[in-house]
Structures are given as C-alpha cells and as structure tokens.
Amino acid sequence: MPPSEVKIAVWGSGPIYEAALRACLRNDVEIAEVHDCDVLLLANYTRILKAADRAIPRVGALCFHPSPLPKHRGRDAVYWTVKMNDPTCGVSWFWIDDGIDTGDVAGTVEVARPDVRPRELYEETLVPLGEMLLDTLLAQFKRGVFSRFPQDERLATYEPPRPKPAATLAAATES
C-alpha cells in the first residue's frame with residue numbers, strides 16, 4: 001500500500017471510539033468499510049474477534065486496551081489498576097491475535113496514576129492517552145510503518161472480571 005493512503009475501519013462504542021474517530025479525522029485518514037480497510041480499529045469493542053474477522057483487514061486488527069500490556073490483561077483492567085493501587089496506569093494499542101489481549105503491541109504509554117475512581121481514570125486520563133497514542137500510530141501508518149513489539153510473557157498478568165456488587169448478588173440469589 002502506498003504511504004499516506006491507509007484506510008481504517010472503526011468498531012466500538014463510548015469515549016475511546018469517539019476519540020478514535022476524531023484521531024482519524026484529525027490525521028486525514030480515510031474511514032472505510034471493514035471489507036476495504038487496511039486496519040480495523042477496535043475501540044471499546046468487547047467481543048472476541050473471530051479469525052475470519054481478523055483476516056479481513058489487509059494489515060490487521062488493532063485494539064485499544066486501558067493498561068500498559070502485558071499488565072492487567074482482561075476486560076476490567078481499569079478496575080484492577082485502581083483496586084491494586086498501582087502507582088502507574090497506561091494504555092496500549094495492540095494487534096489482535098487468537099489470545100486474549102496477547103497480540104503484539106503497536107504502542108503503549110504509561111504515566112503516574114491519579115488517585116481517582118475507575119470511571120474518572122478511564123475518561124479523564126486513559127481515553128486522552130489512547131487518543132494521543134493513536135495520533136502517533138496513525139502518522140506512522142501514513143508513512144507505511146506498522147509497529148509490532150511482542151509482549152513479554154514474563155510480565156503478563158490476567159485479571160478476572162470484577163466482582164459483582166453485593167446488592168446484585170443478593171438479588172440474584174433471591175430469584
């Protein structure tokens with residue numbers, strides 16, 4: 001593909017999805033249908049991407065993760081970052097493979113973690129970091145550079161889903 005002609009499809013929802021769309025527009029990157037894309041961006045896309053869907057984009061599927069991978073793999077990374085009182089927080093954009101949050105990292109940013117609740121951490125710190133990092137990656141894509149750095153499995157952690165609130169558990173057991 002000639003540099004500067006990268007086509008991106010974006011799947012997802014919420015603040016990071018909106019940030020990804022803004023980054024594409026700001027970087028003059030064409031937003032395409034998935035069947036005609038070089039990169040499929042997954043921005044708060046909560047399903048496991050099937051192999052057939054991973055094979056559609058010409059370069060690959062790139063996913064946002066709200067932690068500096070390989071730390072806090074799993075769907076509740078922000079909750080565990082706060083719950084475990086991590087001194088830092090961060091984001092990663094990584095290439096989807098057949099594992100859960102195990103693909104090569106395109107880019108990651110780590111900063112000191114503010115002392116806030118998970119929602120504020122996500123919305124006020126992690127989404128802006130993810131958007132800033134995506135700006136950098138999109139500029140690289142336009143030059144034909146698609147970085148891939150393997151995750152260090154020795155540093156990997158996988159966190160379970162967050163526990164359900166006690167009120168929800170009580171209601172569920174009464175039914």
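The values are calculated or read from the model by the stated rules, or taken from the named source; none is laboratory data. Please read these numbers as outputs of a predicted model, since none were measured by experiment. With ideal geometry, Cβ positions are generated from the backbone for all residues, glycine too; neighbour counts draw on all protein chains shown.
Annotations for the structure displayed:
- Residue satisfying all of: in the stretch 65-106; touching a helix residue (DSSP H, G or I) at 6+ places or on another chain (Cβ under 6 Å) and in a helix (DSSP H, G or I); nearest to Asp38 (Cα to Cα) among these: Val78
- Residue in the stretch 55-74 that is basic (Lys, Arg) and crowded, with 17+ Cβ neighbours inside 10 Å present: yes
- Residues being assigned to a loop (DSSP other than H, G, I, E, B) and under 19 Å from Ile100 (Cα atoms) - total across the stretch 125-161: 9
- Of all residues in the stretch 18-44, those satisfying the criterion of being touching a residue at least 40 places away in the same chain (Cβ under 8 Å), surrounded by 16 or more Cβ atoms within 10 Å (Cβ to Cβ) and more than 13 Å from the chain's Cα centre (by Cα) are Ala23, Cys24, Asn27, Val29, Asp38, Val39.
- Of the candidates Leu42, Leu62, Leu25, the single residue that is part of a helix (DSSP H, G or I), modelled with pLDDT of 95 or more and of a type outside the set (Gly, Ala, Ser) is Leu25.
- Answer residue from the stretch 123-151, given it is in contact (Cβ under 8 Å) with a residue 24 or more places away in the chain and farther than 15 Å from Trp93 by Cα and is surrounded by the most Cβ atoms within 10 Å (Cβ to Cβ) among those: Thr125
- The set of residues in the stretch 45-59 that are in contact (Cβ under 8 Å) with a residue 40 or more places away in the chain and either in a strand (DSSP E or B) or among the small types (Gly, Ala, Ser) (or both) contains only Ala51.
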